[in-house]
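Remarks on the structure that follows.
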Amino acid sequence: MDGLDSFDPHWIWITLGLALAALELLVPGVYLIWLAAAAIVTGALTYLLDLGLAAQVIDFVFLALIFAFSARRFLRDKPIVGADPLLNKRGGRLVGETAVVTQAFDGGSGRIRHGDSEWLARGPDVAVGARVRIIGSDGSILLVEPVTLLAKEEVPPPREA
């Protein structure tokens with residue numbers, strides 16, 4: 001048995017491409033799929049043009065570079081947007097919610113309770129028990145503002161023109 005000499009080179013490239021595509025399924029990262037595509041195209045070119053080993057390797061390298069950089073540019077210009085952009089941004093999901101101050105804000109920072117969690121927060125000085133509205137997040141620190149309930153004020157009558 002003389003090793004790989006008994007196999008046609010185009011089948012070796014196509015098998016390598018399918019193996020790389022299968023690895024992409026196991027180790028997702030959108031990198032191996034471009035090498036798989038380059039290997040499959042190299043196999044097709046080798047079958048059609050009966051290329052030598054040096055030409056096959058050069059074709060594979062150039063096709064891999066072309067596919068990878070083209071995909072990178074395409075994905076940069078048209079990024080894949082998920083159905084829920086705040087999926088892993090818990091602080092962003094809390095924007096607009098109200099919470100209760102559990103540790104008074106002194107010097108612009110304190111703690112608040114939202115639901116069953118306590119969070120570090122930054123905002124104007126407020127006392128324990130005050131209600132605050134979450135207006136943003138800075139990493140795991142929530143940015144808050146005091147909730148001011150409208151007092152019943154007398155509305156002045158409209159001016160006569």
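Database remark: amide H of ASP125 closer than 5 angstrom to the amide H of GLY108 (H placed geometrically; neighbours at sequence offset of 5 or more, or on other chains; Pro and chain starts carry no H). May I ask for the angle, rounded to the nearest 10°, between helix 9-26 and the longest principal axis of the chain, with both axes built from Cα atoms and the value confined to 0 to 90°? The helix 9-26 is inclined about 20 degrees to the chain. Across the chain, the longest run free of exposed loop sites, meaning trypsin sites (Lys or Arg not before Pro) lying outside DSSP classes H, G, I, E and B with no more than 16 other Cβ atoms within 10 Å, spans 1-88.
Based on alpha carbons, the Rg and Dmax found for the range 18-94 are 17.5, 62 Å. Quick one: putting +1 on the C-beta of Lys and Arg, -1 on the C-beta of Asp and Glu, what dipole do you get for the chain around its Cα centre, in Debye to the nearest 20? With Lys and Arg at +1 and Asp and Glu at -1, about 660 debye. What the Kirkwood sum gives for the chain is a hydrodynamic radius of 21.5 Å, with every pair of different alpha carbons counted. Per residue, the accessible area of the range 15-99 comes to 72 Å², computed with a 1.4 Å probe over protein heavy atoms only. Angle between the Cα long axis of helix 53-77 and the longest principal axis of the chain, 0 to 90 degrees, nearest 10? The angle comes out at about 20 degrees. Among the protein heavy atoms, those of SER137 account for about 50 Å² of accessible surface (1.4 Å probe, every chain in place).
The values are calculated or read from the model by the stated rules, or taken from the named source; none is laboratory data. Since the structure is predicted, the reported quantities are computational estimates derived from the model, not experimental observations. Neighbour counts are summed over all protein chains in view; Cβ atoms, including those assigned to glycine, are modelled from backbone coordinates with ideal geometry. Only protein heavy atoms, including side chains, enter the accessible area calculation; ligands, DNA and RNA are left aside. Shrake-Rupley method; radii C 1.70, N 1.55, O 1.52, S 1.80 Å.
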